[in-house]
């Protein structure tokens, strides 16, 4: 095994420890990651904008707990001044950022070195990472399968071992779904835990949140320690943790009351492989001393479902109109994909009053969920309701613009969006694989502002059923 491959099998904390101990230099870490990217990315198409020269120039100056540790930055929301920024859209194909986002400043202040931008579907709104601008991103567990969206490029790069940390963001499951499809740990933090500034404050009424996908729980916790906390002028905050998140990993989670279900919102169970993973997880939790209770979250009413559709359509309308203002022109006929254009047109027809009414509807639903957590610490179900789907299934066409949305529905029937509309933390933990080697994540929803309990539980599960030895066929 080459030195680059050996380093690629380590998580970010371990790579940082090698630098701190003088065993490798920050430049050597970055050079090794670039070697891995050049070897693996042609097959994956995970990195769409290489930043190798910038990374090599920054490596010698990197300091902090992750000094020299390479990462990829999702090409959505977070910007780097002077670097191409497309959000997966042909409308932005030639766009170059004029500022650096606060989350990026915090990544780099912790020592992380960005080696490239990772792929995302157009404006993050499609359920699969198959943007027309760059082509499909392939899952390293099976190259004909989807990584899911919208953080699929980051998930593929981390799963393959190109980097240990991949920036991700989550408006409706986009950290947790790719984590499940790629066999990674994906924590969606609480609303306002991480900053969206300086450009954004309350993005889509607080549904969007920034963090990372990783192989290890400790990488996720350590990065969250480095980047969490409000930026000056943020519209609201979240209670600060009582101690660093990394310290939670050695703490006993205690005996948790964990609700679970195998049933989707339609009342039917998910795919047999997803349910098998759930059954094994429930048995493991019982072995670890937790109280596991079969139950369900409050159901969505038809009004709730319509409100979710209103928010997503409005979000796309806002995104496209934002870029029209920023670029000073409207998109040409071939510069938006069919799904985006359909969402944009629907969003433009939604009044401000209708949008605000939808938000109020879903805030009432969030109160029902909060009441559920009076008697439960955590809620469990499979992250996805189907194993990773083949590429090409979740792609829209001009004559069927909503095809991607309709095709993806059966795979996300467990409604990961609940965590976004309530603002609660949630995580996908890689605890199951199908007989043919495809990963199946388990989804845990926690109490508001209580990442600590989720991280304690995740660390306990990682010790009981370690997953790091499982590597995809295409990896270091």
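Computed from the coordinates by the stated procedures, all read-outs in this text should not be read as laboratory data. Because the structure is predicted, anything quoted here is derived from the model rather than measured. We place every Cβ from the backbone using ideal geometry, glycine too, and count neighbours over all the protein chains shown.
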Can you give the translational diffusion coefficient of segment 159-223 in µm²/s, computed by Stokes-Einstein from the Kirkwood radius over Cα pairs at 4 °C and 1.567 mPa s? 107 µm²/s
Label-point separation, residue 236 to residue 251 (7 Å along Cα→Cβ), nm: 2.4 nm
Report, in whole Å, the centroid distance computed from the Cα atoms of segment 143-168 and segment 1-80. 15 Å
Note down the relative contact order for the chain as a percent, whole number, built from C-alpha pairs under 8 angstrom at least six residues apart. 18 percent
Computed over the Cα atoms of segment 350-468, the Rg and Dmax in Å are 17.4, 51
What are the semi-axes of the equivalent ellipsoid for segment 205-319, taken as the square roots of 5 times the Cα gyration tensor eigenvalues, largest first, in whole Å? 29, 27, 14
Grab the beta carbon distance between residue 465 and residue 299, set R0 = 51 Å, and tell me the FRET efficiency rounded to 0.05. 0.95
Under the classification rounded if a/c is under 1.5, otherwise prolate if a/b is larger than b/c and oblate if not, where does segment 27-155 fall, given a ≥ b ≥ c as square roots of the Cα gyration tensor eigenvalues? oblate
Normalised radius of gyration for segment 285-415, please: alpha carbon Rg relative to 2.2 N^0.38 Å, two decimal places. 1.35
What percent antiparallel are the DSSP beta bridges of segment 3-464, to the nearest 5? 70 percent
Ordered by packing density, taken as the mean number of other Cβ atoms within 10 Å over each peptide's residues, highest first, how do 207-215, 347-355, 192-200 rank? 207-215, 192-200, 347-355
Packing-wise, with mean Cβ within 10 Å as the measure, how do 135-146, 65-76 rank, highest first? 65-76, 135-146
In µm²/s, what is D for the chain at 4 °C and 1.567 mPa s, where D = kT/(6 pi eta Rh) by Stokes-Einstein and Rh is the Kirkwood radius from Cα pairs? 59 µm²/s
Summing -39500 (n - 2.57) over the DSSP H runs of n ≥ 4 in the chain and dividing by its residue number, what mean residue ellipticity at 222 nm do you reach, to the nearest 500 deg cm²/dmol? -11500 deg cm²/dmol
Bounding extents of segment 390-440 in its principal axis frame from Cα atoms, largest first in Å, are 38, 35, 12
Rounded to the nearest Å, what's the spacing between the alpha carbon centres of segment 212-279 and segment 383-398? Just the number, please. 25 Å
Shape descriptor, segment 192-261: equivalent ellipsoid semi-axes (Cα gyration tensor, sqrt 5λ, whole Å, largest first) stand at 25, 15, 13
Note on segment 105-230: contact order normalised by length, alpha-carbon pairs under 8 Å, 6 or more apart, percent, works out to 22 percent
Give the relative contact order (percent, whole number) for segment 166-302; include only Cα pairs under 8 Å separated by 6+ residues. 20 percent
For the residue 348, residue 306 Cβ pair and Förster radius 25 Å, calculated FRET efficiency rounded to 0.05 is 0.90
